[in-house]
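Have a look at the structure below, then the notes.
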Amino acid sequence: MSQSLPTKVFNTEKSDYAFPEIILGQEVGLFDTINKFYPELWKLYKTQKNQDWDENEFDYSSCNVQFKTCDKHTYDMMIKTLAWQWEADSVAARSIAGVLAPVCTSSEAWSGWVEITKNEIVHAATYSEIVRNSFDSPDDILNEILAVQESLSRLRVVSEVFNNAFETSYDYARGARPNDQETYNAIYMFIVGLLCMERIQFMASFAVTFGIVDGTGLFQPIGKAVQKIAQDEFEIHVQYGKEVLRAMFKTERGRTAFEQSQQTILDLINEVTSSEVDWTEYAFSEGRELTGVTCEMMKDWVYFSATDVAKFFGLQDKVDFPLVEENPLRYMESWLNMSKVQASNQEEDTAQYKVGVMKRDDQDEVFEVDF
């Protein structure tokens, strides 16, 4: 009598341990740390693991008083910003491992995505704790946050990509969809969509939070908590997404996915950027303002973030928005520990990693990529 297990549970015939595909390769078998085919992903996984922190590290009691006493415009801008951040991290915390579990076929890649998912849970829990501890009636604030339709609208473009990936992934898991290029492309676009959310949308939102904290001197504990979140996103999550996409591009299916999805990627970058510009104009409407920061400066920050993504894919000459390559918000350098010069990740890092945590070993490597 055969003792074989269901292939999707444990593939006893797996033969690609030395060269596993990141997604939709041979079904998984042993969790393998002997073969390190994606060492940069493993390094980023370890870095994220070593930076683990807890949502209860900050005392928000001073924020309770400040929300009661600050001017209405500052209150509104902070609440509306927290609303989107909480909602977006809630989506990320549920989506990353959820979408990728049925299709990820690399031990290294899966380790990183699970650790990033755990980290997104901490992020979402942090926003929840900010609300729970900063207000006398947090349930009322929760309802107020959910009522901000403009913040929900910011999630529409990326959420459509995520939803398609969810359906594709689980159709594949239950045998209703083949392991073909169309399936691959849907998961590929999920990874692209996640990069757009984390590199463009999250960065735009963080700039408002830090602008309020810097400009008013208020909400310092919230600023410090969100700084931890922002550093996770900028130093780990964004770099991880780019590294995955680079690795995928080295494969035939990955190159095909990029070629077939290029217009979709361009549309996504344009739409996400446009939605962030619309949100910025809304955030600065109705008398709301930030000390030392104009609406135009904040929109340039959106373009600055989007330019990095467009350049990563080699689409900078095709986008619908102005390219901005010099940081328009200098205060963000201290909050994010950014490098002075923005460049595509094929050339140099866009963030300064913590000393001693990581070391680049690919400066002289020529990646076989077009984007």
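The values are calculated or read from the model by the stated rules, or taken from the named source; none is laboratory data. The shown structure was predicted, so the numbers you read here are calculated from the model rather than taken from an experiment. Here the Cβ positions follow ideal geometry from the backbone for every residue, glycine too, while neighbour counts run over all protein chains shown.
Inspection of the stretch 297-304 finds no residue satisfying the criterion of being under 19 Å from the mean Cα position of the chain (by Cα), farther than 20 Å from T81 by Cβ and of a type outside the set (D, E). Residue count for the stretch 59-70 under the criterion of being charged (D, E, K, R) and either buried (at least 16 other Cβ atoms within 10 Å of the Cβ) or modelled with pLDDT under 95 (or both): the result is 0. Of the residues making up the stretch 302-315, not a single one is assigned to a loop (DSSP other than H, G, I, E, B), among the hydroxyl-bearing types (S, T, Y) and at pLDDT 50 or above. For beta carbons closer than 8 Å, sequence separation of 6+ or different chains, a first residue in the stretch 211-235 that is farther than 23 Å from T294 by Cβ and of a type in the set (F, W, Y) and a second that is at pLDDT below 95 and part of a helix (DSSP H, G or I), the qualifying pairs are F234/L336. Which one is nearest to the chain's Cα centre (by Cα) among residues in the stretch 152-165 that are surrounded by 16 or more Cβ atoms within 10 Å (Cβ to Cβ), assigned to a helix (DSSP H, G or I) and in contact (Cβ under 8 Å) with a residue 40 or more places away in the chain? So the residue we want is V158.
Just wondering, is there one or more residues in the stretch 166-184 that are in a helix (DSSP H, G or I), closer than 24 Å to S274 by Cα and of a type outside the set (D, E, K, R)?
no
Tallying residues that are closer than 27 Å to L24 by Cβ and charged (D, E, K, R) within the stretch 188-241 yields 3. The residues of the stretch 52-79 that are of a type in the set (D, E, K, R) and in a loop (DSSP other than H, G, I, E, B), listed by number, are D52, D54, E55, E57, D59, D71.
Restricting attention to the stretch 321-335, and to residues there that are in contact (Cβ under 8 Å) with a residue 12 or more places away in the chain and in a helix (DSSP H, G or I), which single residue is nearest to E235 (Cα to Cα)?
From the stretch 321-335, those in contact (Cβ under 8 Å) with a residue 12 or more places away in the chain are 321-329, 331-332, 335; that's our starting set.
Those left that are additionally in a helix (DSSP H, G or I): 331-332, 335.
Numbers: Y331: 17, M332: 14, W335: 12 Å.
Top of the filtered list is W335.
Is it the case that some residue within the stretch 107-122 is touching a strand residue (DSSP E or B) at 6+ places or on another chain (Cβ under 6 Å) and part of a helix (DSSP H, G or I)? Yes, that holds for at least one residue. Applying the criterion of at least 1 residues that are under 17 Å from the mean Cα position of the chain (by Cα), of a type outside the set (K, R) and surrounded by fewer than 21 Cβ atoms within 10 Å (Cβ to Cβ) to the helices (runs of 4 or more DSSP H) found wholly in the stretch 189-283 leaves 220-232, 238-249, 252-283. Which one is modelled with the lowest pLDDT, of the residues in the stretch 79-112 that are among the aromatic types (F, W, Y) and surrounded by fewer than 24 Cβ atoms within 10 Å (Cβ to Cβ)? Here the answer is W86. Among the residues of the stretch 45-58, are any at pLDDT 95 or above, under 30 Å from A176 (Cβ atoms) and charged (D, E, K, R)? No: the stretch 45-58 contains no residue that is at pLDDT 95 or above, under 30 Å from A176 (Cβ atoms) and charged (D, E, K, R).
Tell me, please, whether a residue that is over 19 Å from L142 (Cβ atoms), free of Cβ contacts under 8 Å to residues at least 12 places away in the same chain, part of a helix (DSSP H, G or I) and polar (S, T, N, Q) can be found in the stretch 80-99. No - not one qualifying residue is present in the stretch 80-99. Remark: pairs (first residue in the stretch 240-266, over 15 Å from S106 (Cα atoms) and hydrophobic (A, V, I, L, M, F, W, C); second residue surrounded by fewer than 21 Cβ atoms within 10 Å (Cβ to Cβ) and modelled with pLDDT under 95; Cβ separation under 6 Å; 6+ apart in sequence or on different chains) = F249/V369.
Filtering the stretch 31-51 to residues that are assigned to a loop (DSSP other than H, G, I, E, B), surrounded by fewer than 16 Cβ atoms within 10 Å (Cβ to Cβ) and either of a type in the set (S, T, N, Q) or touching a residue at least 60 places away in the same chain (Cβ under 8 Å) (or both) leaves F31, T33, N35, K36.
Answer yes if at least one residue in the stretch 154-165 is modelled with pLDDT under 95 and touching a Ser or Thr at 6+ places or on another chain (Cβ under 7 Å), and no otherwise. Checked against the condition, which is being modelled with pLDDT under 95 and touching a Ser or Thr at 6+ places or on another chain (Cβ under 7 Å), the stretch 154-165 yields at least one hit. Restricting the first member to the stretch 140-151 and to residues that are part of a helix (DSSP H, G or I), and the second to residues that are surrounded by 13 or more Cβ atoms within 10 Å (Cβ to Cβ), the beta-carbon pairs closer than 6 Å and six or more apart or on different chains are I141/V131; I141/F135; I145/A83; E150/Y282; S151/A83; S151/W84.
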